[in-house]
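Reading through the structure tokens given below for one structure.
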Amino acid sequence: MRKLQMVDLKSQYEKIKDTVNASIQEVLDSNTYINGPQVQQFQKSLEDYLGVKHVIPCANGTDALQIAMMGLGLEPGDEVITADFTFAATVEVIALLRLTPVLVDVEMDNMNISIEAIKKAITPKTKAIVPVHLFGRAANMDAIMDIAKEHNLYVIEDNAQAIGADFTGRDGVKRKVGTIGHVGATSFFPSKNLGCYGDGGAIFTNDDTLAHTLRGIVNHGMYVRYHHDVVGVNSRLDSVQAAVLNAKLPLLDLYNEARQNAARKYSKGFEGHKNIITPTIPDECDYHVFHQYTLRIVDANRDALMEHLQVKGIPCAIYYPIPLHSQKAYLDTRYKEEDFPVTNQLVKEVISLPMHTELDDEQIKFIVDSVLEFFN
């Protein structure tokens, strides 16, 4: 059996290295390392894939979130509602811009932001909602957009973990997550479903005016060289990373299907176990692309299971061990523990197993058997 890894980028690369290497060689031959042809090609290809009018590439996923908020003209003191159970980048950019983070609980069955918690958190100062499509599963965008419309709020989709996932609205129309709100942001960190070989990110919108603003912000506020029309930052996707993404984007649906198939096999292996709650997977799971495969361990010692798996050479991780409302950087007297019952439970129960495009049946069986062995 091949060595188990949380993410097996080496094996993935071996299958596509000729295409990747040729794409990178084009950059080296052209000597255009910033905003070169590979970046323009990737932008257009991603627009076509997502069915969105504008993709604005940038340097990383955190920048993508920050630039999206800058482009919307949010001002210090404006309140931005987001999920308590996620990676810190989402709340980090809110704080950096001197906006007011409003962390709310998530829903137990899907671990995405709670619709009821959003409704309770809205005040006259609320200006935006940032749903995170956690672990690759689409949040309830119908409900979120309804709330936003009712209260005249912006919706900024954090799509760092779910690129390629679909959401079918109540109108029957299937849309890619990240393109449903006013603006979406994603990351191309190497371990993502669509990852480059360094840092990279992008912003999506169907709003022409907003797209124009965002294009200026990512490039020092310039539309014409040395003419700074808006306050900007230096956040550009470099051509080498775009070259890698150009090689991998045509394979994204296949990559996501491989993750979905692995998830089904995991869940089949754990089916019916009293101590294991698997991710909800409907018959049609287009809305979940399994950036992570995360179990909940109930009435058992999750940390002991983690040690057991590590002894057997099985990598695993806890995403996330500490709620954002408990992090030193984001402590606030506004937050009460009773407001976060689901998040506080999840951090004690969750464990993520290896999930990537190269998992094979032998590896999955070994992982499943090893988890079940712990309980037996």
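Among the residues of the stretch 134-164, which ones are closer than 17 Å to Val93 by Cβ and touching a residue at least 60 places away in the same chain (Cβ under 8 Å)?
Tyr154, Ile156, Asp158, Ala160, Gln161
Being small (Gly, Ala, Ser), more than 30 Å from Val104 (Cβ to Cβ), modelled with pLDDT of 95 or more and not in a helix (DSSP H, G or I) is true for just one of Gly269, Gly313. Which residue is that?
On the way: Gly269 fails: not in a helix (DSSP H, G or I).
The conditions single out Gly313.
Among the residues of the stretch 43-62, write down those that are open to solvent by 40 Å² or more (accessible area, probe 1.4 Å) and of a type outside the set (Ser, Thr, Tyr). Quick ask: steps written out before the conclusion?
First, pick out the residues of the stretch 43-62 that are open to solvent by 40 Å² or more (accessible area, probe 1.4 Å): 44-45, 48-49, 51, 53, 62.
Scanning the stretch 43-62 gives Lys44, Asp48, Gly51, Lys53.
Looking at the stretch 328-376 only, could you name the residues that are under 21 Å from Ala88 (Cα atoms), out of contact with any strand residue (DSSP E or B) (no Cβ under 7 Å at 6 or more places or on another chain) and among the polar types (S, T, N, Q)?
Selection gives Thr333, Asn344, Gln345.
Quick check on my filter: what residues within the stretch 209-236 are under 15 Å from His54 (Cα atoms) and either open to solvent by 80 Å² or more (accessible area, probe 1.4 Å) or among the aliphatic types (A, V, I, L, M) (or both)?
Filtering the stretch 209-236 for residues under 15 Å from His54 (Cα atoms) gives 209-218.
Within the stretch 209-236, Thr209, Leu210, Ala211, His212, Leu214, Ile217, Val218 meet the criteria.
Taking the conditions exactly as written (within 23 Å of Met108 (Cα to Cα), touching an Asp or Glu at 6+ places or on another chain (Cβ under 8 Å) and part of a helix (DSSP H, G or I)), does Val342 satisfy them or not? So that I can check it myself, show each step before the final result.
Values: within 23 Å of Met108 (Cα to Cα): yes; touching an Asp or Glu at 6+ places or on another chain (Cβ under 8 Å): yes; part of a helix (DSSP H, G or I): yes.
Judged against the criteria, Val342 is a match.
Looking at this structure, is Tyr13 surrounded by fewer than 17 Cβ atoms within 10 Å (Cβ to Cβ) and among the aromatic types (Phe, Trp, Tyr)? Walk me through it before giving the result.
Working: surrounded by fewer than 17 Cβ atoms within 10 Å (Cβ to Cβ): yes; among the aromatic types (Phe, Trp, Tyr): yes.
Yes; evaluated as a whole, the condition is true for this residue.
Filter the stretch 152-165 for residues that are in contact with a helix residue (DSSP H, G or I) (Cβ under 7 Å, 6 or more places away or on another chain), buried (at least 24 other Cβ atoms within 10 Å of the Cβ) and not in a loop (DSSP other than H, G, I, E, B) and give the result.
The answer is Ile156, Asp158.
Is it the case that Gln66 is in a helix (DSSP H, G or I), modelled with pLDDT of 95 or more, of a type in the set (S, T, N, Q) and more than 18 Å from the chain's Cα centre (by Cα)?
Numbers: in a helix (DSSP H, G or I): yes; modelled with pLDDT of 95 or more: yes; of a type in the set (S, T, N, Q): yes; more than 18 Å from the chain's Cα centre (by Cα): no.
For Gln66, the condition - in a helix (DSSP H, G or I), modelled with pLDDT of 95 or more, of a type in the set (S, T, N, Q) and more than 18 Å from the chain's Cα centre (by Cα) - is not met.
Hey, does the stretch 166-189 have a residue that's open to solvent by 10 Å² or more (accessible area, probe 1.4 Å), in a helix (DSSP H, G or I) and either more than 29 Å from Thr294 (Cα to Cα) or without any contact (Cβ under 8 Å) to a residue 24 or more places away in the chain (or both)?
no
In this structure, is Thr82 open to solvent by less than 40 Å² (accessible area, probe 1.4 Å), at pLDDT 95 or above and part of a helix (DSSP H, G or I)?
On the way: open to solvent by less than 40 Å² (accessible area, probe 1.4 Å): yes; at pLDDT 95 or above: yes; part of a helix (DSSP H, G or I): no.
No.
So, in the stretch 97-151, of the ones that are closer than 18 Å to Asp78 by Cβ and part of a loop (DSSP other than H, G, I, E, B), which residue ends up nearest to the chain's Cα centre (by Cα)?
Pro131
Which residue is surrounded by the most Cβ atoms within 10 Å (Cβ to Cβ), if the candidates are limited to the stretch 92-115 and must be under 29 Å from Gln260 (Cα atoms) and of a type in the set (Asp, Glu)?
The initial filter retains those residues of the stretch 92-115 that are under 29 Å from Gln260 (Cα atoms), namely 104-115.
With the extra rule that they be of a type in the set (Asp, Glu), the set shrinks to 105, 107, 109.
Details: Asp105: 25, Glu107: 17, Asp109: 10.
The residue in question is Asp105.
For the stretch 340-375, enumerate the residues that are open to solvent by less than 80 Å² (accessible area, probe 1.4 Å) and within 25 Å of Ala117 (Cα to Cα). Let's see the steps before the verdict.
Applying the first criterion (open to solvent by less than 80 Å² (accessible area, probe 1.4 Å)) to the stretch 340-375 yields 340-347, 349-360, 363-364, 366-372, 374-375.
Phe340, Pro341, Val342, Thr343, Asn344, Gln345, Leu346, Val347, Glu349, Val350, Ile351, listed by residue number.
What is the number of the single condition among (1) touching a residue at least 12 places away in the same chain (Cβ under 8 Å); (2) more than 28 Å from Leu254 (Cβ to Cβ); (3) part of a loop (DSSP other than H, G, I, E, B) that Glu358 does not meet?
If we test Glu358 against (1) touching a residue at least 12 places away in the same chain (Cβ under 8 Å); (2) more than 28 Å from Leu254 (Cβ to Cβ); (3) part of a loop (DSSP other than H, G, I, E, B), just (2) comes out false.
The values are calculated or read from the model by the stated rules, or taken from the named source; none is laboratory data. Owing to the predicted nature of the structure, the values given are computational and were not obtained by experimental measurement. Neighbour counts are summed over all protein chains in view; Cβ atoms, including those assigned to glycine, are modelled from backbone coordinates with ideal geometry. Ligands, DNA and RNA are stripped out before the accessible areas are found, and what is left, the full protein with its side chains, is counted by its heavy atoms. Shrake-Rupley method; radii C 1.70, N 1.55, O 1.52, S 1.80 Å.
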